[in-house]
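Engineer: Take this structure first; my questions come after.
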Amino acid sequence: MKKNYLKSAAALLAAISLMSGAVPFEASAEETMSVVALGDSITTGYSKDGSLAAGYAEIVSDYYGAELLNLAQDGLTSAGLLEQLSDASVQEAVAGADVVLVTIGGNDILQLVLNNDYIDATKYEDMGQLISAMGQMSFLETAAMQSYMNKMMPEAIAACRANTIEIAAQL
């Protein structure tokens, strides 16, 4: 009987300690949570027309009453973030943060669309115009671009994946 009681008490303590890790962080009045945000335009909160009031890093920081250091850069690729992580001041900020937010990888793939021999992306003001122009390409142009993308995409994804694994290891 005593043995079952001890097992039940141990299970209850384990459950309580596991549940405490699932409760959202609440900083005391003396202790402000610090958040460091790394990544690309998703992290900066970029919006070409200014319609976006706040990026997700700002929203998360505000929700928790945290101090935010947003080191994200519009257009950053995973290779660029790896380079950024080699900076001593960035390493120090990450090491001192309670939370590190990272969004990266979209520009690794987007660069294939923006930098190719089949359509000049610089002629268009936004992605909607570029996509519309791509829809008006001839069958042969479309086939050539698809062939290019089929050839280049696996390489870009593999490089992004390798960089992301290295980024995670450095964090």
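Engineer: Kindly indicate the residue of the range 140-171 that is of a type in the set (Val, Ile, Thr) and over 19 Å from residue 118 (Cα atoms) and also surrounded by the most Cβ atoms within 10 Å (Cβ to Cβ) among those meeting that condition.
Structural biologist: 167
Engineer: Look at residue 87 and say whether it is open to solvent by 20 Å² or more (accessible area, probe 1.4 Å) and either touching a residue at least 12 places away in the same chain (Cβ under 8 Å) or out of contact with any Gly (no Cβ under 8 Å at 6 or more places or on another chain) (or both).
Structural biologist: Yes: the conditions hold for residue 87.
Engineer: Return the pairs, sorted by first residue and then second, in which the second residue is not hydrophobic (A, V, I, L, M, F, W, C), the first residue lies in the range 123-140 and is assigned to a helix (DSSP H, G or I), the beta carbons are less than 6 Å apart, and the residues are 6+ apart or on different chains.
Structural biologist: Here the result reads 130/124, each pair linking the range 123-140 to a residue that is not hydrophobic (A, V, I, L, M, F, W, C).
Engineer: Further question on the same structure: Against the condition over 20 Å from residue 157 (Cβ atoms), modelled with pLDDT of 90 or more, open to solvent by less than 60 Å² (accessible area, probe 1.4 Å) and of a type in the set (Gly, Ala, Ser), how does residue 27 come out, does it pass?
Structural biologist: In short, no.
Engineer: At least 2 residues that are at pLDDT 95 or above and out of contact with any Asp or Glu (no Cβ under 6 Å at 6 or more places or on another chain) in each: list the helices (runs of 4 or more DSSP H) lying fully within the range 54-108 that qualify.
Structural biologist: Result: 78-85, 88-96.
Engineer: Quick test for you: out of 91, 146, 111, 170, pick the one residue that is over 26 Å from the mean Cα position of the chain (by Cα) and either of a type outside the set (D, E, K, R) or over 21 Å from residue 57 (Cα atoms) (or both).
Structural biologist: The unique qualifying residue is 146.
Engineer: Can you tell me which of 117, 74 is closer than 28 Å to residue 59 by Cβ and either of a type in the set (Asp, Glu) or within 21 Å of the chain's Cα centre (by Cα) (or both)?
Structural biologist: It is 74.
Engineer: Among the listed residues 59, 104, identify the single one that is of a type in the set (A, V, I, L, M) and surrounded by fewer than 17 Cβ atoms within 10 Å (Cβ to Cβ).
Structural biologist: 59
Engineer: When you scan the range 150-171, how many residues do you find that are in a helix (DSSP H, G or I), touching a residue at least 40 places away in the same chain (Cβ under 8 Å) and closer than 15 Å to residue 84 by Cβ?
Structural biologist: Total satisfying the criteria: 5.
Engineer: Next question. Confirm whether residue 82 is touching a residue at least 40 places away in the same chain (Cβ under 8 Å) and within 30 Å of residue 171 (Cβ to Cβ).
Structural biologist: Yes.
The values are calculated or read from the model by the stated rules, or taken from the named source; none is laboratory data. This one's a predicted model, so the numbers in the text were calculated from it and none came from an experiment. So basically every Cβ, Gly included, is an ideal-geometry build from the backbone, and we count neighbours across all protein chains shown. Surface accessibility is based on the protein's heavy atoms, side chains included, excluding ligands, DNA and RNA. Shrake-Rupley method; radii C 1.70, N 1.55, O 1.52, S 1.80 Å.
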